[in-house]
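The next block holds one structure in the form of structure tokens; read it before the comments.
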């Protein structure tokens, strides 16, 4: 039964709204700020709004790319990528790296960011980011619709093999999620949120 005053639509028919609410409802979403290297050693850095964590042990994270973009091509070629935490302080720089530019353009330069060597993988990390996950590709999956037809969207899953955390954000050994003010993608063409300390609450699971 539908809600008494619900806006209802079948997705195949369109939303009937000025902007598709899908991204706004599934949100805020963490940002996959992904750094990769091409097979020829060309750096790439790009944010993806479809990103999350999917497993604890081993830790597995993933991002989804609409279209076969450089981040996907590079990860497919080398088997490695790095996730860099995007924060409020780095929001403008992150946004610069979203520009659609030629493959040979270095997004680190666009965002005035500093590439720094990783330890376990070849792609560099973003020095200014307070957290970096070095990852090795575990699965690269082309998505399909319910009828089984392939979609031009690629899910990249990687095992986190090394982690860098700014010690400033470890409080008695516990990571302070809100401290670095991470930003998350919301709905609409330009919507973002940041996580602030007053947004948190505690709730224990039932026994």
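The values are calculated or read from the model by the stated rules, or taken from the named source; none is laboratory data. Note that this is a predicted model, so its numbers are computed, not measured. Counting neighbours? That spans all protein chains shown, and the Cβs are built from the backbone with ideal geometry, glycine included.
Would you say residue 141 is under 21 Å from the mean Cα position of the chain (by Cα) and free of Cβ contacts under 8 Å to residues at least 12 places away in the same chain? Show your work before the answer.
On the way: under 21 Å from the mean Cα position of the chain (by Cα): yes; free of Cβ contacts under 8 Å to residues at least 12 places away in the same chain: no.
Answer is no for this residue.
Which condition breaks for residue 130 when tested against (1) surrounded by 16 or more Cβ atoms within 10 Å (Cβ to Cβ); (2) closer than 21 Å to residue 162 by Cα; (3) touching a strand residue (DSSP E or B) at 6+ places or on another chain (Cβ under 6 Å)?
Here residue 130 clears every test but (3).
If residue 84 passes every condition in (1) within 21 Å of residue 141 (Cα to Cα); (2) in contact (Cβ under 8 Å) with a residue 24 or more places away in the chain; (3) crowded, with 22+ Cβ neighbours inside 10 Å but one, which one does it miss?
(1)
Give the residue that is modelled with the lowest pLDDT, with candidates limited to residues of the range 5-42 that are within 23 Å of residue 194 (Cβ to Cβ) and in a strand (DSSP E or B).
29
Just to be sure before I move on: is residue 102 more than 23 Å from residue 137 (Cα to Cα) and either surrounded by 13 or more Cβ atoms within 10 Å (Cβ to Cβ) or out of contact with any strand residue (DSSP E or B) (no Cβ under 8 Å at 6 or more places or on another chain) (or both) in the structure I sent?
Numbers: more than 23 Å from residue 137 (Cα to Cα): yes; either surrounded by 13 or more Cβ atoms within 10 Å (Cβ to Cβ) or out of contact with any strand residue (DSSP E or B) (no Cβ under 8 Å at 6 or more places or on another chain) (or both): yes.
When the stated conditions are applied, residue 102 passes them.
Could you check how many residues of the range 42-81 are loosely packed, with under 15 Cβ neighbours inside 10 Å and without any contact (Cβ under 8 Å) to a residue 40 or more places away in the chain?
So the first thing to find is which residues in the range 42-81 are loosely packed, with under 15 Cβ neighbours inside 10 Å, and the list is 42, 52-58, 66-68, 77.
From what is left, the residues that are without any contact (Cβ under 8 Å) to a residue 40 or more places away in the chain are 52-53, 55-57, 77.
Here the count works out to 6.
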